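Input: a single structure, listed below in C-alpha cells.
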Amino acid sequence: MGVLSILIFLPLVATLLILTLPSSAKATYKYIALGFTFLQFGLSLYLYGNFDATLGGIQQLDAYQFVEQLSWIRMDLGAIGKLEIDYLIGVDGISLPLIVLSTLVMLMGVGASWNIDKNPKGYFALLMILNTAVMGIFSALDFFLFYVFYEVMLLPLYFLIGIWGGERREYAAIKFFIYTLLGSVLMLLVIVGLYFSVINPVTGAHTFNMLHMMNPANYVDGSFFAYITNYHEVFGIPARLIGFIVLFFAFAIKVPIVPLHTWLPDAHVEAPTPVSIILAGILLKVGGYGIIRVCYSIFPDIAAYTNWWLALIGVISILYGALNALAQKDLKRMIAYSSVSHMGFVLLGIASLTAEGLSGAMFQMVSHGFLSAALFFLVGVLYDRVHDRYIYNFRGLASLMPKYTAYVAIAFFASLGLPGFSAFIGEAFVIIGAFNAESMSTGVPRWMAIGGSIGILLSAAYFLWTLQRMFFGQTRLKGGQAWQEALTDLNIREQVILFPALALALLLGIMPSLVFGNLNASVLQLIELIKP
Amino acid sequence: MITLTHFLVVSACIFSIGLYAVLAKRNTIMILVGIELMINAAILNFVAFGKYDKINYGGQVFALFAIVLAAAAVAVGLAIILNVYRHFKTINPENIHELKD
Amino acid sequence: MNTFLHISPITASILVMLFPLLAFIIQAVLGKKSISGNIALIGIIASAVISLFGVFLPGWNSTSVLQKWEWFTIGEHTLYVGILVNNLTALMQLVVCIIALPVHIYSRAYMKGDSGIHRYWMYLSLFCFAMLGLTVSLNLLQLYIFWELVGFASYLLIGFWFTKETAVQANKKAFLINRIGDIGFLIGIALVYAHCGTLDLSTLFDQTSSTPLIDKNTPWATFAGLAFFLGAMAKSAQFPLHVWLPDAMEGPTSVSSLIHAATMVAAGVFLLCTVFPLFNETVLLVIVLIGTLTALSAALFALGQYDIKKILAFSTISQLGFMMVGVGIGAWDAAMFHLTTHAFFKCLLFLCAGAVIHEMAHLKAKAQLEFDPQDLRHIGGLRRFMPKTFGCMVIASLSLAGFPFTSGYLSKDSIVITAYEWASHLGGVYVLIPVLLIIVSILTAFYIGRLIFKVFFGSFKYRSYIKTGMTFHEAPNAMLIPMLFLAAGSLFPLFGLSLTNYHHTWIMQALDVDTVYPTLTQAHLFIPALLTGGAILGWLLGWNWYVKNKYPLSENNSFVHFANKQGYLNEFNDRIFVKGSIKLSRILYAFDRHVVDGLTNLFSWFVRQLSVVVYWFDKHVIDGLVNLFAHATYYIGHLVRHVQNGQLQAYLGFALTIVVLGILYLIIK
C-alpha cells in the first residue's frame, strides 16, 4: 500500500474508530478527526516534498508519481467483452496542489467543527468519509474509480447540510444533492460510452483507464466516441462534442458556472460553517479539476473547438457573480456569490488555453481554496456569537473587535486581489493568459479579458463596501447591549485556524513558484496535448 | 296388505320427525333423541329391505348391528352433553357458539 | 564615490526598501506598545541616509545598473524580480526618502496622543516600504505589486480615523478609483507580456539594442499606452478620475502631505516616465489634452473651496496636470523636475496647513466651540501668532506660484516653455495648450494668494478667546524643523546655481531628454515675465478682495457654487456610476432569484406536479385495479361468512341443504 492509498483511506480508519467508540467518549471524536487530518496533512506535505516537478503527467502514466495500480474488477461479460476496472491512482502537477490544499482545508474544517454539539459521532464520521472521497477524486486515474469517489462524496454532504444546517437546511440539501446528481448521472452515460469506445492496447479489452482514453490511438474505429472519422450524431450534434458538453455540464455544476450556480448560495448559507469551508474550499475545485483532467484531457479536440464559449461563460460568471455579490445583504450569501465570481476566473483561465491562463486558473483554485475557507470561517465567527449575519445589523465592529476586523480586512483585501496575496497572482495571470490567447490564436478575444478585469474592480467594490458598512463608523448594533457583550474578539483557537490560511495566502502571493514550479510541466504538456 | 311402501312411508315420517328435532329443538338431549329417531328410521328401512336377502338375513343382521352402535353412540353423546353442560352451564345449542368465526 | 560602506547601489536600494518593511513588521508585532514612532523614524532615517549616500550619490549620472533574481516560471517564460538603479529611479527613491523623513518627524508632534497612533506608524512604514519598492522595481509586475500596495497603504491612512463616516467613505472611493486605474495598468502589462513575452523594463526598453522589442506605432502599442495612462490617471488624479483626491483629505494632514501631495500621487507621472518609450504620437497627445484639462479644471475648482486642505488638494491635482503635460510633450525630464520641486513645496504647504489646523483644533477643544478648524471662513490674521509658519507657507506659496528665486519658478517654466516650443513646432491650435497653461499658472498664483490672505491676514474671528487666556502659539519645534527644512528645499539653490535657466539645474542636465523641436530663446524671456507679472497682478487683486474686503462676487454666485461643488462631478458619478451599478446589481440579483433560480424552482415545481399526476394515476388506476380485485374477494367472503354462525344446528341444516342440493343435482343430471 503506497503513500497515496494511505492518504485516501486514513480517514476511513478514523470513521471506523469513531463509530466503534461508545457515545460516552464523544469528547474524543474531534481529537480523533483532528489527529487523522493532521496526519493526512503531513502525508500530503511528504508528497509535495518528494514530487519531481520536471515530470509532466496528463496522458503519460510513467510521468505520474506515487502511482499504484491493482486489478480491481475483472469480469467476463461474454459477447460484450471483458470488464476491466483498475484501482489506479497517481499524482501529477495538476492534482498535487489540490491534494495539499484539500488536506489543509480539511484541517481548517475540523478546527471549525470544534463546537459541534448535535450528534458528534455521526458528524465526524461523515466528515471523514467525505475526506476519503475528496482525496480519492483528486488521485483517481481510472474513470470508474473516479466516479465511485465522486458519488461517495455526495452522500455525506447531503447529510451534513441536511442535519447540521440552518433554517432551510432540508431545501438546500436536496437542491444541492439533486443538482449534483443530475450532473453525475449524465457523466455516467458518457463514461459508459467512452468505455465501449476505448481499448486497452495491452490486453485488448475495453477499459475505464482515463489515460488510455486520452490517447487517440486507443479508440475503436467506428465506435461512438471514435477520434477520427466519427459519423455518430445526436440530434445533429457530433458525438464527441456532445460527450464533451455533457461532461462539462457535470463539472460546471460543481464549479459552478452561471446559470447553474443557484444551488451554491443556498447550500452555503444553510450549511454549518465547517461544511461551507469544505464546500467552498475543496468541492468547487473538484469542478475545475474535472474540467482539466477529464473534459480537456479526454476531449482535447473539442476543447480547442469550444473554448470561445467556455471563456464567455467564465466572463459572464465573473461579472454576474460580482454584481450579485454587490447586491447582497447577508454576509455569507455575499461571500457565496463572490465564490461564483472568483471561480469564473478559473474557467476563463482554463479556456484561454495558454500556459499563463491555465497556471493562473490552477493558482486561483488553490488560492480561492483557503481564502474562501478563511472568509466562511470569519462569517462563522460572527454567526457563532450573535446568530446574525445581516450586514446592516452591524456597524463599527472595528472598535469592538479589533483583531477580528484586522483578520477580516486582510482576508477581504487578499480576496479582492491585493498584490502580495495569492489571489492577485491567480487573477492577474488569468487576465494575462486571456490577453495572450489572441497572440497564441487560441480563439479567446481580448474583450473577454477586459471583461474579466472589470470583475476585479467589482470585487473591490463589494468587499470594501461591506468593510465600510460593517466595520467602520460609530459602533451601532441591532442587538444593542446584549450583542455588545456577546461580540468578543477572536479567541486563540480561531486565530490558530485563521493565521495559517492568511499566512499561506501571503506566502504564495510572494513566492508563487511554490505552486507554479510543480504544475508548470503538466500545464505545458496539457497544452501540447490540446494543440497537436 | 302391508307393502314395502308402507314401511318406507313410516320410515320417512320417523326420519322427518327426527330431522325436525335435530334442526329445531332447543335442547341438546332432544337433538340426540332426534338423531336416534333418524337412526331408527334407517334401521326400519334395513329391516324392510331385508326381505330381498332371505339367505343371509343381511338386513336383520345389519339392523341389530346398527342398534348396538346407536346405543354406544347415545352413551358417548350423553357423555359429551354432560361435559358441555359442565362447561357452558347450558345445553341449549343456540348459546353454544364457540365455533362462530 | 562608491565607498560608502562598500556596498553596491543595488544592495543599498534593497536596504532602503527593507528598513521601512522591517519597521512595519516590528510595529505590527508589537501592536499597541509602539506608540512613540521611534521604530518608524529609525527606519526612515536609515533609508534616507542609505538612499542618499548608497544609491543616489554613487548612482547619479553613471550608467544604469540592475540585478535580477528568478521569481517563478510560468509556461515558457520566466519572470524575474529585480532592482533597477538609473537616474530616474535613484532620483525618485531619494525624493521619497527626503520627503518622508521630515513628515515622520512632524508626525511625532502632530499625531501625539491619538488613540490609534500605533496603527499610524505601522501604516506609514508600510507606505514607505511600498513607495520605495515602487521606485526601483525592474519588473512591471513587481512595479504593479508595489503600485497597489501603495494604494492599500493610502486606503489605510485615509481611513485612519475609521469611526468618522466621511473618512471611511473617502478611503473606499480612493481605493475603488485607483482600482480603475490599476485595471488599466494590468491590461497594459498583459498586452506587453502578450507581445513581448517579458516584463523586464531593462529588456523592454533597451536603448542599446539595434532592434527595439516594441514597435510603438502598432495598434496594440497605442492601446497599451492608453491603458498605462489610465493607470497613471487614477493614481495621479487626472480628470475625471481626480475625484478621490479631494476626499482623501479626510486623512491626517501629515499623511496628506506625504502621500496625497508629494509622493504617491506622483507615482503615476513616474510610471509614465518609466514606460515613456512605449508611447506614440496619439497617446502622447491624449496625455497632453488630459493633463491640460486637469490643470485647468482643478485650478478653477480650487478657487471655490473653503477647506484649506481641499484647496491644496486641487492645487496638487492641477500641478500633476502640468507634469502630465510635460510627459505628453515628450519632456519627461521637465516633468520629473517639476515632480521633485513640487514634492518639496507641496509637502511644506500641507505641513504648514497642518500646523494651522492643529492650533485651530486645539482652540476649538479648549474653548469648546463648534466649528470646522479647516474652514477658511473661520481663520484669519494668524501671522501675528504663527510668524514662522507664515514665513514657511509664503515661501511654499511663492514656489507653487512660480515666483523667481524659488524652485517652482524653474520647474514650472521648464514645462510651460517647452510646451510653447512644442506647440510652435506643431503650429495651429496646439498653441492653445501653452496659453491655457499660462492661464492656469496665473490662476494658481491667485488661489494660493487667496489662501494666504485669508489665513494669515485680515481679522481673526475667535480673537476674543485668545485674549481671555487661551494660548494660541507657534507650532512646536518638532513640527517647525521639518517645515524649515522643506522651506530651504523649496528655494532654487538646491537644484542649481542658475537663478533663471532651468537647463542648468542638475536634474535637467542629468535626465536630459532629446526633443525633436527646436529651442526658442525668446520664449525663455517672455513666458517667465508673463507668468510673474500675471502672478503679481493676481495677488494685488486678491489683496484687494480678501484683505481689504472688497469682494466683488456674491457667495451664491453660480460660478462659485460650480467651483465649490467641483463641477458637480461627484454628484454625477454618484448618480450614474455608483447608483447605477448598485441598481444593476439589485436587478441582477432579482434576476438571479426570480429567473435563474426561478427556472430551477419552476423545473422542480414541474417535476413535483408531474409526480403528483403520476401518483394520482398510480393510486387510482393501477392500485385501483388491485383494490378492486381485493374488494371483490372480500365481498364474496363476506357473503359466505354468515354460514359460520357457530350454531350447531345451522351447520347441520346447511350440510343437509348441500346434500339435498347434491342429490337434486344427481337426479336432474
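The values are calculated or read from the model by the stated rules, or taken from the named source; none is laboratory data. Treat the numbers as computed from the prediction; the structure is a model and nothing was measured. Glycine also receives a Cβ, built like all others from the backbone with ideal geometry; neighbour counts cover every protein chain displayed. Quick note on the areas: whole protein, heavy atoms, side chains included, nothing else; ligands and nucleic acids left out. Shrake-Rupley method; radii C 1.70, N 1.55, O 1.52, S 1.80 Å.
Can you give me the long-range amide H partners of A:GLY396? Hydrogens built in the peptide plane at 1.01 Å from N, cutoff under 5 Å, separation of 5 or more residues or another chain. Under 5 Å from the amide H of A:GLY396: A:PHE471, A:PHE472, A:ARG476. Accessible surface of A:ARG168, taken over heavy atoms with a 1.4 Å probe and every protein chain present, rounds to 110 Å². In this rough spin-label picture, where each label sits 7 Å from Cα along the Cβ direction, the C:HIS594-A:ILE228 distance is 5.5 nm.
Other protein chain C-beta atoms within 10 Å of residue C-beta, averaged over A:349-356: 2. Computed on the Cα trace of the protein assembly as shown, the radius of gyration divided by the Kirkwood hydrodynamic radius gives Rg/Rh = 1.27.
Couplings 3J(HN,Hα) of the range A:172-178, computed from phi: 5, 5, 5, 4, 4, 4, 5 Hz, in residue order, whole Hz [Karplus 6.51 cos²θ - 1.76 cosθ + 1.60, θ = phi - 60°; x for Gly and Pro]. Residue order by solvent-accessible surface for A:TYR147, C:TYR635 is C:TYR635, A:TYR147, largest first, with ligands and nucleic acids left out and a 1.4 Å probe. Taking a Cβ cut-off of under 11 Å around A:GLY473, the surrounding Lys, Arg, Asp and Glu residues balance to a net charge of +3, with basic ones at +1 and acidic ones at -1. In the complete set of protein chains, residue-level accessible area for C:LEU293 is approximately 80 Å², probe 1.4 angstrom. Think of chain C as having a plus end and a minus end, set by charges on the Cβ of Lys, Arg, Asp and Glu; of C:HIS358, C:PHE472, C:ALA40, C:PHE472 sits farthest toward the positive end of this dipole. Of interest is the spacing of the C-alpha centroids, which for the range A:1-35 and the range A:200-255 amounts to 39 Å.
Ranking C:ILE39, C:ILE10 by solvent-accessible area of protein heavy atoms (1.4 Å probe, all protein chains present), from largest to smallest, gives C:ILE39, C:ILE10. Between C:LEU530 and C:ALA510, residue separation times 0.36 nm minus the direct Cα-Cα distance comes to 4.4 nm. For the range C:619-633, backbone phi angles converted through the Karplus equation (6.51, -1.76, 1.60; θ = phi - 60°) give residue-by-residue couplings of 6, 8, 9, 6, 5, x, 4, 4, 5, 4, 4, 4, 5, 4, 4 Hz, Gly and Pro being listed as x.
By the Kirkwood approach, averaging reciprocal distances over each pair of separate Cα atoms, the range C:1-138 gets a hydrodynamic radius of 15.6 Å. If you add up the charges near A:SER276, with Lys and Arg at +1 and Asp and Glu at -1, over every other residue whose beta carbon is less than 14 angstrom from its beta carbon, what do you get? Net local charge, A:SER276 excluded: 0. Taking the range B:64-101 and a reference point 7 angstrom along Cα→Cβ of C:GLN644, the backbone N atoms nearer than 11 Å belong to B:99-101.
For the pair C:TRP616 and B:LYS51, label points projected 7 Å from Cα toward Cβ lie 8.3 nm apart. Close amide H pairs (under 5 Å, H built 1.01 Å from N) link C:TYR80 with C:TRP71, residues at least 5 positions away or on another chain.
The A:LYS329 and A:ARG385 beta-carbon pair, evaluated with R₀ = 22 Å, returns a calculated FRET efficiency of approximately 0.70. Along the Cα-to-C-beta direction of C:ARG463, a point sits 7 Å from the Cα; which residues of the range C:357-397 have their amide N less than 12 Å from that point? Answer for this model: C:380-385. For the pair A:ASN119 and C:HIS77, what calculated FRET efficiency results from E = 1/(1 + (r/R0)^6), where r is the Cβ-Cβ distance and R0 = 41 Å, to the nearest 0.05? Rounded to the nearest 0.05, the efficiency is 0.15.
Once backbone amide H atoms are built at 1.01 Å from N, A:GLY57 has A:ALA63 as its partners under 5 Å, excluding neighbours fewer than 5 places away on the same chain. Placing +1 on the Cβ of every Lys and Arg and -1 on the Cβ of every Asp and Glu, with no other charges, gives the protein assembly as shown a dipole of roughly 4240 debye about its Cα centre. Name the shape class, rounded, prolate or oblate, that the alpha-carbon gyration tensor gives for the range A:123-269, where a ≥ b ≥ c are the square roots of its eigenvalues, rounded holds for a/c under 1.5, and otherwise prolate holds if a/b is larger than b/c and oblate otherwise. The shape class here is oblate.
Remark: the A:LEU45-A:LEU70 segment gains 6.5 nm on full extension, using 0.36 nm per residue and subtracting the alpha carbon distance. For C:LYS550, the solvent-accessible surface with a 1.4 Å probe is about 120 Å², rounded to the nearest 10.
I'd like to know which of C:LEU22, C:SER424, A:VAL346 lies farthest towards the positive end of the charge dipole of the protein assembly as shown, counting +1 on Cβ of Lys and Arg and -1 on Cβ of Asp and Glu. In the protein assembly as shown, that residue is C:LEU22.
For chain C, the solvent-accessible area works out to 41 Å² per residue, with a probe of 1.4 Å and every protein chain left in place. Inverting the pair-averaged 1/r between distinct Cα atoms of chain C gives 28.3 Å as its Kirkwood hydrodynamic radius. Consider a paramagnetic label point 7 Å from the Cα of B:TYR20 along Cα→Cβ; state which residues of the range B:30-44 have an amide N under 18 Å from it. Within reach of a label on B:TYR20: B:30-42.
What are the ³J(HN,Hα) values, in whole Hz, obtained from phi via the Karplus relation 6.51 cos²θ - 1.76 cosθ + 1.60 with θ = phi - 60°, for each residue of the range A:441-457 in sequence order, with x given for Gly and Pro? Whole-Hz 3J(HN,Hα) from phi for the range A:441-457: 6, 8, x, 9, x, 6, 5, 5, 4, 5, x, x, 5, 5, x, 5, 4. Where the centroid of each part is defined by its Cα atoms, how far is the range C:264-284 from the range A:151-171 in Å? Each part reduced to its Cα centre gives a spacing of 55 Å. Using a simple spin-label model with pseudo-atoms 7 Å out from Cα toward Cβ, A:GLN495 and B:CYS13 lie 12.4 nm apart.
Estimated from the Cβ-Cβ distance and a Förster radius of 60 angstrom, the FRET efficiency linking C:HIS425 and C:LEU584 is about 0.80. Centre-to-centre, using Cα atoms only, the range C:512-568 and the range C:63-114 are separated by 36 Å. Counting only other chain Cβ atoms within 10 Å of each residue's Cβ, the peptide A:175-188 averages 1. Dipole orientation for chain A: of the candidates A:HIS387, A:PRO274, A:ILE32, A:HIS387 has the Cα lying most toward the positive pole (charges on Cβ; Lys, Arg +1; Asp, Glu -1).
Count the net charge of all other residues whose Cβ sits under 9 Å from the Cβ of C:LEU138, scoring Lys and Arg as +1 and Asp and Glu as -1. Residues close to C:LEU138 contribute a combined charge of 0.
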